[in-house]
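What follows draws every value from the coordinates through simple rules; no lab data is involved. The structure displayed is predicted, hence computed values, not measured ones. Don't worry about glycine lacking a Cβ; one is built from the backbone with ideal geometry, like all the others, and counts go over all protein chains shown.
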Amino acid sequence: MSELEHTAEDVGLCIECHAGVMRPRQITYFTWLGEELITVPHFPAWICDVCGRREYDEKAIQWLNMILDPNAGKPTKNQRRTPPLPRPRAGFPRPIQDS
């Protein structure tokens, strides 16, 4: 069964209109990042078949927030950087390795 094929037990009633059924769909998600409009195609959401209410997949929202974070991948103040390994210097013997 694919993500979008669910039985009646898998879907819920809409909390907005109380008449529709929330069904899984893949939509184009729109959000603003500063003054720039970001669009994400094939984004997982639950859509009411009567009123159109949208509820987005929480894990997908967390993932999107993580990749859109301008500080993603930058070390934080509390995060210690691993010092670089020392380079071998000319004129010094190599360490002896046990065999």
- Message: Which of D57, D69 has the fewest other C-beta atoms within 10 Å, and how do the rest follow up to the most?
- Response: D69, D57
- Task: Return P(r) of the stretch 8-68 (all Cα-Cα pairs; 10 Å bins starting at 0; whole %; ordered from short to long distances).
- Result: 22, 44, 26, 7, 0
